[in-house]
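First the structure, in the form of structure tokens, and then the observations on it.
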Amino acid sequence: MKHALALSPETLYHRLDADLWTFRTTEELQDLTDVIGQARATEAIRFGINIRRDGYNLFVLESSGTGGHIVVQGILGEQAAREPIPSDWCYVNNFEHPHQPRALRLPAGLGAKLRGDMEDLVEELEAAIPGAFESEEYRGRRHEIEQADKEHHEKVFGELGKDAAEQGIAFLQTPTGMAFAPMREKQILSPEDFSKLPEEEQKRIEGLVQKYRERLERIVEQIPQWRRENQAHIRELDRDVVMAAVGDRIRSLKHRYEAHPQVLDYLSAVEQAVITNADDFRRDEDGQEAVLPGIQLPRSRDGGSLHRYEVNLLIDNGATRGAPVVYLDNPSHAELIGRVEHLAHMGSLVTDFTLIKPGALHRANGGYLMLDARQVLQQPFAWEGLKRCLSSSEIRIGSLAQELSLISTVSLEPEAIPLQIKIIVLGERWVYYLLYNADPDFRRLFKVAADFNEDMDRDAASELNYARLVASVVRREKLLPFDRRAVARVLEQGSRSASHARKLSIRMQDVTDLLREADYWAHEAKRDTVLYEDVQRAIDARIFRSDRVRERIQEEVRRGTIIIGTAGNQVGQVNALTVMTLGHLDFGHPVRITVRVRLGKGEVVDIQREVKLGGPIHSKGVMILAGFLGARYCASRPMSLSASIVFEQTYGEVEGDSASCAELCALLSALAEVPIRQSLAMTGSVNQHGEVQAIGGVNEKIEGFFDICSARGLTGDQGVIIPASNVGDLMLRADIVQACRDDKFQVYAATSVDEAIELLTGTAAGVADSGGAYPEASLNQRVEQRLVKLADQVRAFSAASSSDKGPQ
């Protein structure tokens, strides 16, 4: 006979009547374009995207599998398509300070054009400049300069020689140098002849030689100046020649980019650099480019220095449509902010502006960047680098290794690029709250939180929308069409995943996986449509793949290794229900709780806590029991018991308060010495007023005890007591519902410990009258009498102890 608290089979599973739907398969359903069940989150996302103020970046709070990133990408895609295309960014050489490359901002597509124009310019100059220097005009003009210099030298030395000859002094130019010697009749005197001259004549000649030597010295001192002047004339000629070769081409480029002052400044600098370094474009006698002092990178074109005129196109948005939306799956510091690469050359690390590489911030500049919170936090210095860029509103690329003094080599200081971006960070709730409380910069930079639901309300409208969602996934994944009963089974499993009969799980990863697996089993059955049976097989197969531990536990219970009673009656012993999570499988199994009571000082000892195998929430639940006993039965007298409570045959930590009601019932049974039916199991927490409170995992807990009872044989006397507040969570397996319909198993709902103890013991709990007295033979009266008896025993012991001591 059913107890009044037994639940009807209809309340154990909220079935969807697929016949109420008019479609036959998902092919007849339209795709779901709206995001269901996430009104709060989508509003927050749209607000965060549209507000253009500093610090209004987004943090999306999502649990794994809710599909928050898909929703965000969809909203961002729609918004970004309507926004302007961001600029191109280039790095070019800073000819005055090469270690500080300049950044150029150009309209989308113009960066590639400038790079191509500069490549064409260099190619033209490689041909034009050598050609100009090899022209007859240049050779003639240079010959004139060199001839004029030669004639000037000849004239000066000729005049010196002529003047000396008139004074009888010969001016001699030999391979070893220049000298003066006395002459007679145009013949140079030998030293012997010179010594035969009168002394006065010798002194006169020596004076003249000394005079001309000093004059020669003055001339020689002027030779470097003449050479410099000659070189200056040649350089001026070279400059004129290069300007003639370069000027028209540079002016043509300037005209092309006249609307861009930065480019005009750069082209002017290029023009001056080409003129100054014209030898970069000339060949030596061996046909090789002239090598100028300084570092020559092995990567430069033709092995020379022409790379200085290249354009490093950092970001090319020529093919971009709307604002960019970038998702970075490896947010290291370098991938996020960019880096300066180095090349090994002659045993050293060298670099230049062409080795500057962009990061995700560059690619998403002017648009949106999506990041995974945990991945950013796990990468060294990435989070700090991101915050620094957001705070300064600019991207400054630097060498992280150099900042940390890990290497000592030549590096660059590229000009910073202005940053205009919206950052969307996706992470779990605990990450958000951790950052919010531990990082003061976080709340300043991420002012918008978009919190994604894991479930939504279940009603007729949402059920149809859920069916359309299934149809959308089926088409996107290219699966076989699902018939409406199969869709209904997917929806019912959504309620089971949400742990509530009136809710639907919107963890899209789980839904998609179930659809894929059902499609697999339909293919295995050679069907062209996925049926109810295929969905159920996918559910069963998923459980089977993961339930090795569950089977072993049930096997040990059946063998009696783990002692669980499903028949008979025992004082101070009750079957509690627990849930174990292994991977994605949650399963329940019963645990025996025993209580022993004796005379004591009012202590309720949690053995689990004493041996440090009880978590704080479980310990709290046990402490509540002492509060309940004291308030109900010992308000005006001392509570003189010592009770010990333990989860038998548990060897790991016990946590949670879902067994506190079962513990209290076992304690009341031990005090009243009234046996508890072992054919029943119980779950639920309790407060100090004796009210039974909701718990989690109710479906799994019921199924765990049912499987044990079913293996031993259902007697019709077995069942589970759950909190009444959990009735709405029930989505039990079909075999349990059928067993309840056949009166072979029962599920009871209790709102108070009194209802629960009555079910467990078959004895009325009893309600106190206006004077506080409980009915005769009621369970509460027995508990109260036992506590009074224990208190009397304590007083008797105390009195006996005092009399034995005698007067002092």
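Look at the stretch 182-238 and say how many of its residues are of a type in the set (Ser, Thr, Tyr) and either part of a strand (DSSP E or B) or farther than 30 Å from Ala148 by Cβ (or both).
Here the count works out to 2.
The rows are residues; the columns are (1) under 30 Å from Leu314 (Cβ atoms); (2) of a type outside the set (A, V, I, L, M, F, W, C).
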position: Ala103; (1), (2): yes, no
position: Ala108; (1), (2): yes, no
position: Lys150; (1), (2): no, yes
position: Lys155; (1), (2): no, yes
position: Gly158; (1), (2): no, yes
position: Ala181; (1), (2): no, no
position: Arg184; (1), (2): no, yes
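Are there any pairs, at least 6 apart or on different chains, whose C-beta atoms fall under 9 Å, with the first in the stretch 312-326 and closer than 22 Å to Met118 by Cβ and the second among the small types (Gly, Ala, Ser) and part of a strand (DSSP E or B), and if so, which?
Leu314/Ala103
How many residues does the stretch 643-677 hold that are farther than 26 Å from Thr561 by Cβ and at pLDDT below 90?
Total meeting the criteria: 1.
What's the total number of residues in the stretch 743-765 that are more than 25 Å from Leu599 (Cα to Cα), in a loop (DSSP other than H, G, I, E, B) and free of Cβ contacts under 8 Å to residues at least 60 places away in the same chain?
3
Please go through the stretch 703-723 and pick out each residue that is under 45 Å from the mean Cα position of the chain (by Cα), among the aliphatic types (A, V, I, L, M) and either farther than 20 Å from Ala749 by Cβ or in a loop (DSSP other than H, G, I, E, B) (or both).
Scanning the stretch 703-723 gives a single hit, Ile708.
Only one of (1) surrounded by 20 or more Cβ atoms within 10 Å (Cβ to Cβ); (2) assigned to a helix (DSSP H, G or I); (3) not aromatic (Phe, Trp, Tyr) is not met by Ser462, so which one is it?
Unmet for Ser462, out of (1) surrounded by 20 or more Cβ atoms within 10 Å (Cβ to Cβ); (2) assigned to a helix (DSSP H, G or I); (3) not aromatic (Phe, Trp, Tyr): (1).
List, please: which pairs have Cβ atoms under 9 Å, are six or more places apart or on different chains, and start with a residue in the stretch 588-609 that is closer than 8 Å to Phe647 by Cα and end with one that is among the charged types (D, E, K, R) and open to solvent by 20 Å² or more (accessible area, probe 1.4 Å)?
Once the first residue is closer than 8 Å to Phe647 by Cα and sits in the stretch 588-609, its partners that are among the charged types (D, E, K, R) and open to solvent by 20 Å² or more (accessible area, probe 1.4 Å) give Val591/Glu648; Arg592/Glu648; Ile593/Glu648; Thr594/Glu648; Gln608/Glu653.
Can you spot a residue in the stretch 507-518 that is at pLDDT 95 or above, surrounded by 15 or more Cβ atoms within 10 Å (Cβ to Cβ) and of a type in the set (Ser, Thr, Tyr)?
Looking through the stretch 507-518, none of the residues is at pLDDT 95 or above, surrounded by 15 or more Cβ atoms within 10 Å (Cβ to Cβ) and of a type in the set (Ser, Thr, Tyr).
May I ask you to list pairs of residues, at least six apart or on different chains, whose Cβ atoms are under 8 Å apart, with the first in the stretch 565-577 being without any contact (Cβ under 8 Å) to a residue 60 or more places away in the chain and farther than 23 Å from Asp657 by Cβ and the second being assigned to a strand (DSSP E or B) and open to solvent by less than 10 Å² (accessible area, probe 1.4 Å)?
Cβ pairs passing all conditions: none.
Which of the residues that make up the stretch 1-39 are under 30 Å from Asn726 (Cα atoms) and either within 23 Å of the chain's Cα centre (by Cα) or β-branched (Val, Ile, Thr) (or both)?
Thr11, Val35, Ile36, Gln38, listed by residue number.
Tell me, please, whether a residue that is at negative phi and either assigned to a strand (DSSP E or B) or within 60 Å of the chain's Cα centre (by Cα) (or both) can be found in the stretch 146-167.
No.
Take the stretch 20-31 and flag every residue that is in contact with a Lys or Arg (Cβ under 8 Å, 6 or more places away or on another chain) and of a type in the set (D, E, K, R).
Of everything in the stretch 20-31, those that are in contact with a Lys or Arg (Cβ under 8 Å, 6 or more places away or on another chain) and of a type in the set (D, E, K, R) turn out to be Arg24, Asp31.
Name every residue in the stretch 673-703 that is surrounded by fewer than 24 Cβ atoms within 10 Å (Cβ to Cβ) and of a type in the set (Gly, Ala, Ser), in order of residue number.
Of everything in the stretch 673-703, those that are surrounded by fewer than 24 Cβ atoms within 10 Å (Cβ to Cβ) and of a type in the set (Gly, Ala, Ser) turn out to be Ser679, Ser685, Gly690, Ala694, Gly696, Gly697.
Picking from Thr751, Thr761, which residue would you name as being more than 24 Å from Phe587 (Cα to Cα), touching a Ser or Thr at 6+ places or on another chain (Cβ under 7 Å) and of a type in the set (Ser, Thr, Tyr)?
Thr761
What strands (runs of 3 or more DSSP E) lie completely within the stretch 339-402 and have 2 or more residues being at pLDDT 90 or above?
368-372
Could you check Arg475 against (1) buried (at least 21 other Cβ atoms within 10 Å of the Cβ); (2) under 30 Å from His14 (Cα atoms); (3) not small (Gly, Ala, Ser) and say which number it fails?
Only one criterion in (1) buried (at least 21 other Cβ atoms within 10 Å of the Cβ); (2) under 30 Å from His14 (Cα atoms); (3) not small (Gly, Ala, Ser) is unmet by Arg475, namely (1).
Quick one: which of Gly140, Gly55, Gly116 is at pLDDT below 95, loosely packed, with under 15 Cβ neighbours inside 10 Å and on the phi > 0 side of the Ramachandran plot?
Gly55
The values are calculated or read from the model by the stated rules, or taken from the named source; none is laboratory data. Here the structure is a predicted model, which means the values were calculated and not measured. As a convention, Cβ positions derive from the backbone with ideal geometry for all residues, glycine included, and neighbour counts pool all protein chains shown. When the accessible area is computed, the model is the full protein with side chains, heavy atoms only, and any ligands, DNA or RNA have been set aside. Shrake-Rupley method; radii C 1.70, N 1.55, O 1.52, S 1.80 Å.
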